[in-house]
1. Extent of the chain along each principal axis, from alpha carbon coordinates, in Å, largest to smallest?
2. Asp268 accessible area, nearest 10 Å², 1.4 Å probe?
3. Between segment 205-281 and segment 10-35, what is the separation of their alpha carbon centroids in Å?
4. If you wrap a convex hull around the Cα atoms of segment 199-299, how much volume per residue is inside, in Å³?
5. Explain nothing, just the number: relative contact order of the chain, from Cα pairs under 8 Å at least 6 residues apart, as a whole percent.
6. Take Leu194, Leu108 and sort them by solvent-accessible surface of the protein heavy atoms, 1.4 Å probe, largest at the top.
7. With a 1.4 Å probe and every protein chain left in place, work out the accessible area per residue of the chain in Å², rounded to a whole number.
8. Determine ³J(HN,Hα), in whole Hz, for all residues of segment 94-102 in sequence, where each value follows from phi through the Karplus function 6.51 cos²θ - 1.76 cosθ + 1.60 and θ = phi - 60°; x replaces Gly and Pro.
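The values are calculated or read from the model by the stated rules, or taken from the named source; none is laboratory data. It should be emphasised that the depicted structure is a prediction, and the values quoted were computed from it without experimental measurement. Ideal geometry is used to build each Cβ from the backbone, glycine not excepted, and the neighbour counts take in all protein chains shown. Note: accessible area is taken over every heavy atom of the protein model, side chains too, but ligands, DNA and RNA are not part of it. Shrake-Rupley method; radii C 1.70, N 1.55, O 1.52, S 1.80 Å.
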Amino acid sequence: MLKRLLLYLSTATWARNVMTKWGVARRVARRFVAGEMLDEAVQATKELNDKGILVTLDYLGESVAAAKDTEEVVSTYQAVLDRIHKDGLNASVSVKLTHLGLDISEELCVNNVRHILTRAKQHNIPVTIDMESTAHTDTTLRIYRTMRDEYEFNNVGTVIQAYLYRTEKDMADLASENAHIRLCKGAYLEPADLAFPQKADTDQNYVKVMTQYLRANTNAYLCIATHDEAMIVAAEKLIKEERIAPDRFEFQMLYGVRSNRQEVLAKDYKMRVYVPFGEAWYPYFVRRLAERPANLWFFMKSFFRTA
Ligand code: FDA
């Protein structure tokens, strides 16, 4: 119930207007967001890289409604890519299609993604297209495949969500295409006819499709994106027992979540942390609150302490 309420609030404009005015919300959000400026994200990246942890940088924003506003998003991503190259950072980037104009027109979005992928390719930097709500699943997969097959970008990957019923079929197709996929549980409010309502079913599906993907006799690459110890233990068991080659997978977690575990995993495996930065932190932050009630209590305590 609480999770659904928070996921609703993550998309509500009135709630965003109220929350973003609170200094305390901004301070608590800093636990999950590297900062508002690129320099702060670069600093966080350097600190993680020093610990042997790779990074994927995300410029926060989604659901952009004016074509003009996407120009700034593209130029910021280009600046991020130039900075990764110049500073020799061990980092990729992650993008959201609705940040790049998908709600305005698919053509605009495709052009914007191409600009980013072109610069990324010049610097040999991978780009992951995040997955948003089910309103965008088909389009996201279509744009991912267009970039990979039609425009021949070999530096692009995308994301699949284990909570969707369609995922097993999508993952089977993507394995046969040697796709670079981040597998996560899924972070949006979805109806019961599209996504498992029960966490236990999502968890079971996660392990099932992860296993099928890693067992597939292909060069498909899997980013195991989770903080859930049960998922990590299942992945490690599979990797060890079936001698999955290190060039077939990596682990991924979010900035500010289970940092100690990130460091431990980085000793044995490729480990990448998703580092978001920018001013549009509200929906990202509220999705993080929804994932773990303890984060919400932490937020409430901080609020009442400073109120
Ligand atoms: P689960 O939610 O079951 O949590 C398991 C345990 O992990 C919790 O009990 C807690 O200990 C810890 N934990 C989880 N979340 C926490 C948090 N916010 N704060 C503190 N502890 C927490 N989703 C999506 O729909 N599209 C996308 O593109 C992405 N991209 C993405 C990239 C990366 C690198 C990650 C790690 C995750 C995503 N996600 C995502 C989010 C994902 O779908 C999911 O919502 C979260 O990862 C939480 O799910 P877990 O697998 O961690 O398990």
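1. Dimensions of the chain along the principal axes of its Cα atoms: 56, 43, 40 Å.
2. 110 Å²
3. Their Cα centres are 28 Å away from one another.
4. Value for segment 199-299: 120 Å³ per residue.
5. RCO, the chain: 26 percent.
6. From most accessible down to least: Leu194, Leu108.
7. For the chain, the solvent-accessible area averages 47 Å² per residue.
8. With coefficients 6.51, -1.76 and 1.60, one gets 10, 10, 10, 5, 6, 6, 9, x, 4 Hz.
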